[in-house]
Amino acid sequence: MLAAVLSTLTVALSFLEELLPPLPIPGAKLGLANITVMYALCGVSVPCAAGMVIVKATFALLRGPIACLMSTVGSLLSLFLMALTKRFFWDKLSFVGLGVVGAVAHNMGQWVISYLLLGFAMTYYAPLLLLLAIPAGVITGSVLNVLYPYLQNNSLFRKG
Amino acid sequence: MKLRRGDYVVLLLAAVAAVSCCLQIWWPRVAGETAVVVAPTGEQRYSLSQETAFTVDGKNGIVLSIEIDDGRVRVAHSGCPDQVCVHSGWLSQSGQTAACVPAGVSVRVIGGSPKVDGVTS
């Protein structure tokens, strides 16, 4: 039940992000959906978060197969590194640190795909997106830093 | 939740990594001489010292219009849905790139003599 609610929210957030006015930098995104993924990772379980990521990637098919591939690889790599970070450093971090790790990893995953599809060309554009991943991670992480205690107090979002 | 010390460590590491990537790839900036257009059908080079416009056929039936005008190049139109390449605008510096991932087409400016050795540029 909780996994379904969180998956729905993840998809809704990624669609909401499409509706926001586009940033002046082509390809740059805020990554709002990472808010629910990070919540699932820390408040529920890693498999739950992985399932949500796959649901989200499936919906990215609506934006085309390449968007779907980038979403899948980017968010799985992001989830993998966030899970590792959480496992070893969670006592020293808040969601801001976790969000930055996730945003940067997502970026790297997408960079690998664009490199495989396009060759060296994207390399010249990637650092700008990498730079922008940092404020994106800080914003999503700060949102969850504020929301997490409230969500944990809500029976709909609490595990079990 | 409050910020912890580890958050600052992550931020610092990420910032150092991102900034050094930026410097590594973009520094130094020099005016380019040649546009390299990579399409599924192959790679074509065009001198930037001309005024011309042409189209390139990408994958999925996407056609891109490319313009070269006095030392700069741009993707003027693209049949792709996201228009990332068009929004990249005019490119004139060596290393600048516009890429259309759905069409599998990229435009890159190369050439010009870098001020530093080939390793850092």
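Rule-based calculations on the coordinates, nothing more; no lab input. Being a predicted model, the structure only gives us computed values, none of them experimental. Glycine gets a Cβ as well: all are built from the backbone with ideal geometry, and neighbour counts include every protein chain shown.
Tilt of helix A:126-152 relative to the longest C-alpha principal axis of chain A, in degrees (0 to 90, nearest 10)? For helix A:126-152, the angle is close to 10 degrees. For chain A, what value does the Rg/Rh ratio take when both radii are computed over Cα atoms and Rh is the Kirkwood radius, given to two decimals? Rg/Rh: 0.96.
Please report A:Met1, B:Met1, A:Met82 as a ranked list, fewest other C-beta atoms within 10 angstrom at the top and most at the bottom. Please report the intermediate quantities before stating the final value.
Values: A:Met1 6, B:Met1 17, A:Met82 28.
Placing the least packed residue first, the sequence is A:Met1, B:Met1, A:Met82.
For helix A:95-118, what angle does its Cα long axis make with the longest principal axis of chain A, in degrees from 0 to 90 and rounded to 10? The answer is roughly 30 degrees. Comparing mean-square fluctuations of B:Arg108, B:Arg72, B:Arg45 from a GNM of chain B with C-alpha springs under 10 Å, the top value falls on B:Arg45. The calculated FRET efficiency for A:Lys92 paired with A:Leu61, based on their beta-carbon distance and R0 = 51 Å, is about 0.85. If you fit an axis through the alpha-carbon atoms of helix A:65-89 and take the longest principal axis of the Cα set of chain A, what angle between them do you get, 0 to 90°, nearest 10? That helix lies at roughly 50 degrees to the long axis. Per-residue mean of foreign Cβ neighbours for A:128-141 is 3 (Cβ atoms of other chains, 10 Å radius). Inter-chain Cβ neighbour count for A:65-74, averaged per residue, equals 2 (cutoff 10 Å, partner chain atoms only). Just checking the listed ones, A:Thr140, A:Thr72, A:Thr58: in the Gaussian network model of chain A with Cα springs under 10 Å, the one fluctuating most is A:Thr58. Shielding by partners for peptide B:79-85, expressed as the average number of C-beta atoms from other protein chains within 10 Å of each residue's C-beta, is 3. Think of the protein assembly as shown as having a plus end and a minus end, set by charges on the Cβ of Lys, Arg, Asp and Glu; of A:Pro47, B:Gly111, B:Thr55, A:Pro47 sits farthest toward the positive end of this dipole. Look at A:Ser45, B:Ser49, B:Ser88 and count the other Cβ atoms within 10 Å of each Cβ; fewest to most, that gives B:Ser49, A:Ser45, B:Ser88.
Comparing B:Ala17, B:Ala76, B:Ala35 in a Gaussian network model of chain B where C-alpha atoms under 10 Å apart are linked, the largest mean-square fluctuation is found at B:Ala17.
Give the order of B:Val37, A:Val37 when sorted by the count of other beta carbons within 10 angstrom, beginning with the fewest.
On the way: B:Val37 21, A:Val37 30.
In order of increasing Cβ crowding within 10 Å: B:Val37, A:Val37.
Projecting label points 7 angstrom from Cα along Cα→Cβ for A:Asn153 and A:Met1 puts them 2.1 nm apart. Along the axis of the charge dipole computed for chain B (Cβ charges of +1 for Lys and Arg, -1 for Asp and Glu, origin at the Cα centre), the listed residues B:Leu13, B:Gln24, B:Gln44 are led at the positive end by B:Leu13.
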